[in-house]
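Okay, structure first, notes after.
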Amino acid sequence: MTKSFQRALHSNRSVERATQNGVVARICAPSLVAAQIERHGLCWHAVPRAASAAMLPLICTITLICAAHDTAQAQSIRSLELEEAKPAFQVEPVVQRLTGRRGQQLPFEFELTSLVRSTNVEVRAVAMMQEESGAILPDDQSPPPTAIRLLSPPRMTLAEDASETIRGTIQIPPTNSPFHLFGILVTDFGTKLPDANRQPTTDGAELKVEFVTRYLLRIEIDVDGVRPTDISKLVLESAELRDLQGYPQLSLLVTNPTEAPFEFEIECELHSPVAPADQRSFQLGMPVRAALAPPEKYVARILPGAKIRMQEIVPFALFPGPYKLETKLVAQRRKWHAVEFDLNAAERGYPGQEAMVRQLGPGLSAAPVQMELSLQSGGARFVSTTLANNSAEPVTFTLEPRDLAGHPADWFTVRPASIELQPGSSRKVLVSASSGRTLDGDLYGQLIVNAQSESGTIQQTTPLDVLLVSRQTGEPKLEVGSLAWGDVDGSAAVILPVTNSGNRHAQLEARMSLINNETGRKFDFAAGHGKWLLPAASRDLIFPVTQRLPPGGYELKIQMRAAVDAPVMQLKTAVEIGE
């Protein structure tokens, strides 16, 4: 993979030339319907370019019929505008939550409304399966559940803007399970898009598109008087810390070996041997529910035989070294199962986190680590940073203003200049611009923090960045070098050299995406993370590629800016990733 990727990077071909027939590949690929968005556990499948168009609890299937002569050559086909393909109907609600006793028969109703045309639909009970992301999909390979009885017709014809009601009953299974999950699939019979979307080619080949709307409705049942005793059989395994775009993400696999579905939550605590006073808990959620707000975001549902991934960005700073992870499986407000794991935070750290929090020693930290003072109108003459001691003993901090040459700086001050913090405590220190100065340009320096513990086991000196913006006008100017593929701390990475040739510091933010030409699947990466790049300074923007990318052609796109309100610079190229 490395050599072919590197050749493509250095070839510097434009995306337009390299993907002249990319639309053809993207349209004709069976895996086109790739993007998945969940709301209440239901998925909408659509062309990736329109994945953000809506948060619909439906499955839009695009059926592509392509006819061509054996001698046909690939032709450039214009993009299909998804606005011309709209859902034929909608259903409300998409999830019903019922409560009853074992063996009880409960009624249910769903309201079905035609949206754009006369619609023929099929309604049937369906088995369900679950992906590792937590997404729940219809399973046509398994027999449908016998607990559902439909009282409304299995096929309906809806006039435009007309409504019908799906009615039925559900028998709560007499099993010792407090939670059940059932699915009903509602499907129309498809419609061909307008003739304007037919794509003739010079040799007679033709492309037709059919748009099919399917809703996977869900019935969730809470069973009165039943405790989830079998939930302790869920297997918690493969816990790991990952680097997700510069921040630590905790990931855990949960497997359900039983015949019953479960609803639960995962609570976590990470303990560091060098920071015993820092004991904070957080929850994990399924990837498919990441866009939801708490507490629903952290409620997991797992089907029988399924394996799901639970994950979350760690909401506090992690520094290199060993950690003890304690996970708790919680259901009905009770802890049923606990598993511990030994983990290690990456030695290279997490660059996004490091731009905001810096380690001052074992169990010691400061945030923020970049302090901008300004003499301009509306600028900040005073800023603060917080020192924290989560070690096991008292620590004394002394703070000294310095310029970049290491000499004492008189253009900013810090108060207090010395503090002692007990274990588990923190305190803000104030950094301020000295008054009465006339500057010809910006000044750059460092706040040197010396930390020493009472026993002497901690002795560390750490710089924090400080700058003073003058009243003079100025702006950063970014110049980029050649993209390269390299190895950084044992991980493959895309590297982009950047130089600031302007007369003011840059606050670098960069995003890289790799989009598979065939499937449309997008992989996102980040670099820069807001760290300063001073005038005349250079730095490599490093985008670690830690996951395995499927072989094939990709569009590589990098977007970056020198400040929050600065215009976005964009680079594009085509790359080929081999086996």
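The values are calculated or read from the model by the stated rules, or taken from the named source; none is laboratory data. Bear in mind the structure is a predicted one, so any value in this text is a computation, not a measurement. Virtual Cβ from ideal backbone geometry, glycine too; neighbours counted across all protein chains shown.
Quick notes on this one:
- Residue within segment 345-353 that is of a type outside the set (Gly, Ala, Ser) and assigned to a strand (DSSP E or B) present: no
- Lone qualifier among SER538, SER513 - being closer than 26 Å to MET371 by Cα, touching a strand residue (DSSP E or B) at 6+ places or on another chain (Cβ under 8 Å) and hydroxyl-bearing (Ser, Thr, Tyr): SER538
- The residue list GLU296, GLU240, GLU269 contains one member that is acidic (Asp, Glu) and either over 29 Å from PHE523 (Cβ atoms) or crowded, with 20+ Cβ neighbours inside 10 Å (or both), which is GLU269.
- Residue satisfying all of: in segment 465-488; under 21 Å from GLY441 (Cα atoms) and either hydrophobic (A, V, I, L, M, F, W, C) or in contact with a Ser or Thr (Cβ under 6 Å, 6 or more places away or on another chain) (or both); surrounded by the fewest Cβ atoms within 10 Å (Cβ to Cβ) among these: LYS477
- Restricting attention to segment 457-476 and to residues that are part of a strand (DSSP E or B) and closer than 16 Å to ALA562 by Cβ, the residue that is farthest from the chain's Cα centre (by Cα) turns out to be VAL469.
- Lone unmet requirement of (1) surrounded by fewer than 16 Cβ atoms within 10 Å (Cβ to Cβ); (2) within 24 Å of ARG504 (Cβ to Cβ); (3) more than 35 Å from the chain's Cα centre (by Cα) for PRO408: (2)
Residues are listed down the side, and each one gets a yes or a no for (1) basic (Lys, Arg); (2) not assigned by TED's automatic domain parsing to the domain that holds GLN570:
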| site | (1), (2) |
| --- | --- |
| VAL395 | no, yes |
| LEU404 | no, yes |
| LEU421 | no, yes |
| LYS428 | yes, yes |
| ALA433 | no, yes |
| ASP487 | no, no |
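- The requirement of being surrounded by fewer than 19 Cβ atoms within 10 Å (Cβ to Cβ) and closer than 24 Å to GLN547 by Cα is fulfilled nowhere in segment 256-265; no residue meets it.
- Flag for VAL357 being within 24 Å of the chain's Cα centre (by Cα) and surrounded by 18 or more Cβ atoms within 10 Å (Cβ to Cβ): yes
- Meets criteria (touching a helix residue (DSSP H, G or I) at 6+ places or on another chain (Cβ under 9 Å) and among the hydrophobic types (A, V, I, L, M, F, W, C)) for LEU364: no
- Residue within segment 446-456 that is out of contact with any Asp or Glu (no Cβ under 8 Å at 6 or more places or on another chain), surrounded by fewer than 17 Cβ atoms within 10 Å (Cβ to Cβ) and part of a loop (DSSP other than H, G, I, E, B) present: yes
- Counted as qualifying within segment 214-294 are the strands (runs of 3 or more DSSP E) with 3 or more residues that are among the polar types (S, T, N, Q), namely 247-255.
- Residues being outside any strand (DSSP E or B) and under 34 Å from the mean Cα position of the chain (by Cα) - total across segment 97-115: 1
- In segment 489-498, residue modelled with the lowest pLDDT [restricted to those that are of a type outside the set (A, V, I, L, M, F, W, C) and either surrounded by 14 or more Cβ atoms within 10 Å (Cβ to Cβ) or in contact with a Ser or Thr (Cβ under 6 Å, 6 or more places away or on another chain) (or both)]: SER491
- Any hit, segment 374-385, residues being on the phi > 0 side of the Ramachandran plot and without any contact (Cβ under 8 Å) to a residue 12 or more places away in the chain: yes
- Residue within segment 382-399 that is aliphatic (A, V, I, L, M), at pLDDT 95 or above, touching a strand residue (DSSP E or B) at 6+ places or on another chain (Cβ under 6 Å) and outside any strand (DSSP E or B) present: no
- Residue count, segment 360-373 (criterion: crowded, with 20+ Cβ neighbours inside 10 Å and either without any contact (Cβ under 8 Å) to a residue 60 or more places away in the chain or in the same structural domain as SER281 (by TED's automatic domain parsing) (or both)): 1
- Test: LEU284 is more than 20 Å from PRO178 (Cα to Cα), out of contact with any strand residue (DSSP E or B) (no Cβ under 6 Å at 6 or more places or on another chain), crowded, with 16+ Cβ neighbours inside 10 Å and not assigned by TED's automatic domain parsing to the domain that holds ILE172: no
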